[in-house]
Amino acid sequence: MAKAEITDDPIHVALLVSCELENEGLYHVINAHSDMITCCQWIVHDSHEVLNTFSSEAVDVAVMMLPWTILGELLKGIHQKFPNMGVIVISKGPLHWSDIVRMLNYGVVGLTRSMQASVIVSMIRLAYYRAGSIDVEMARRMASALQETRYSRNSALTFLDHKIWSLIVRGYSNPQIAQHCGISLSRTKHRIHHIFRYLGVRNRASAIAMYKTYNAFNTTLDMELLGSADNVSENCALLHAKKCRIPKTTRESSK
């Protein structure tokens, strides 16, 4: 069935929520309209359980109302397995702008904090026809973040921060970063805390994941760390050699 064509078949909606109350409320909102129907319902406590059993064959649009601790991994997995499925996220609270970016990267086509039935129903219809929608509050949050960073998610970080971020990705410990950058251990920890806070993450694994998402930018950054030589081929060779010379961390050595 082509999504761009109007048919008499109802839109089949999957509900993935965190409690029975949310499930019941959304169920009644959706099934009150003749052009859509709830085809499956999940009370989600573990993203892996859903990913192992979820099927997209009878689902046109998935509506999710989950905490980010579950939502992030679930969105990523569903986007990888079912890239053409329309996904709507109803957020329970304010989102850091980096979380909004990640959700859009994971294929979310509808994003809102509103629990109004009319808003949710409209978003389901837009998602079905691949139009997409994001509510005004979240759009303003994104616009504000872009304006503050001069339309670059990385400009609020210093050159040293970018370098430290790059070394974190390469498995450097805090003492190794301090030695490599020629700064004190306390300053290293302070800059890492600043990086995490700016990215809206709490640990190294999340910072690494975000770095990989924007690997094109960071490849350019690595070139800049080597200097501004005119010969690009020479720079690429130096970059490859630099990465090959990086010492293994204690964790890597023990494998």
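One table, with the values for the structure above:
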item	result
Near pairs, Cβ below 9 angstrom, 6+ apart or cross-chain, from the stretch 12-30 (more than 16 Å from residue 123 (Cα to Cα) and assigned by TED's automatic domain parsing to the domain that holds residue 55) to any residue that is surrounded by fewer than 17 Cβ atoms within 10 Å (Cβ to Cβ) and β-branched (Val, Ile, Thr)	17/43; 18/43; 19/43; 20/43; 22/43; 23/43
Residue in the stretch 76-89 that is out of contact with any helix residue (DSSP H, G or I) (no Cβ under 7 Å at 6 or more places or on another chain) and within 20 Å of residue 207 (Cα to Cα) present	yes
Inter-residue pairs, beta-carbon under 6 Å, first over 17 Å from residue 208 (Cα atoms) and in contact (Cβ under 8 Å) with a residue 24 or more places away in the chain and in the stretch 158-183, second part of a helix (DSSP H, G or I) and not aromatic (Phe, Trp, Tyr), 6+ apart	none
Residue ranges of helices (runs of 4 or more DSSP H) in the stretch 146-236 with at least 2 members under 23 Å from the mean Cα position of the chain (by Cα) and at pLDDT 55 or above	159-169, 185-199, 204-213
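The values are calculated or read from the model by the stated rules, or taken from the named source; none is laboratory data. Predicted model, so just to flag it, every value in this text is computed and none were measured. All Cβ positions, even for glycine, are placed from backbone atoms using ideal geometry, and neighbour counts span all protein chains on display.
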